[in-house]
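One structure below.
The values are calculated or read from the model by the stated rules, or taken from the named source; none is laboratory data. Given the structure is predicted, the values throughout are model-derived calculations rather than measurements. No Cβ is skipped: glycine too gets one built from the backbone with ideal geometry, and neighbour counts run over all protein chains shown.
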Amino acid sequence: MKQQTLGMMITSLRKEQGMTQLELAEKMGVTDKAVSKWERDLSCPDVNSLPKLAEIFGISVDELMQIKSKVHPDNKSSKIDAIIPLILKAVALAMGVAVLVLSILHEIDMYSGFGMLGIGLSCLGILHFLNNNN
């Protein structure tokens, strides 16, 4: 669903119900001028009246406010899902480069080098596992 302003949402829902601004105003206990201002986004309904407005339209307050409960968690989850492989690749690359540079400079012993390469290979193994299970 395309994101709309609250006013646009009220207008489209009111028209879907075949209501005039006056009819909606009477159901809400406000003036038709107030409804007109809502629809033109010059003002908003009182927050306490949103449940009644949603009830009139036969939808939830979340739907009226265009809140998609799955958007935020999935969005956050997708960011994490994109960052984790990047981090794993970066750690693997950093370990390999560090071992190479430290070996050239004769600043690393064999066991430390194998340990660092093991960390890098572990990261690549985890990355491979994640890619095959998604």
- Message: I'm trying to understand the selection: among the residues of region 36-58, which are in contact with a Ser or Thr (Cβ under 9 Å, 6 or more places away or on another chain) and surrounded by 15 or more Cβ atoms within 10 Å (Cβ to Cβ)?
- Response: Lys37, Trp38, Glu39, Ala54
- Note on the structure: From the option list Leu42, Leu64, Leu53, single residue qualifying as at pLDDT below 90, within 16 Å of Leu6 (Cα to Cα) and out of contact with any strand residue (DSSP E or B) (no Cβ under 8 Å at 6 or more places or on another chain) is Leu64
- Message: If I ask for residues that are in a loop (DSSP other than H, G, I, E, B) and within 14 Å of Ile56 (Cβ to Cβ), which ones from region 11-40 would you list?
- Response: Gln17, Gly18, Met19, Thr20, Gly29, Val30
- Please verify whether region 13-28 includes one or more residues that are surrounded by 14 or more Cβ atoms within 10 Å (Cβ to Cβ) and β-branched (Val, Ile, Thr). no
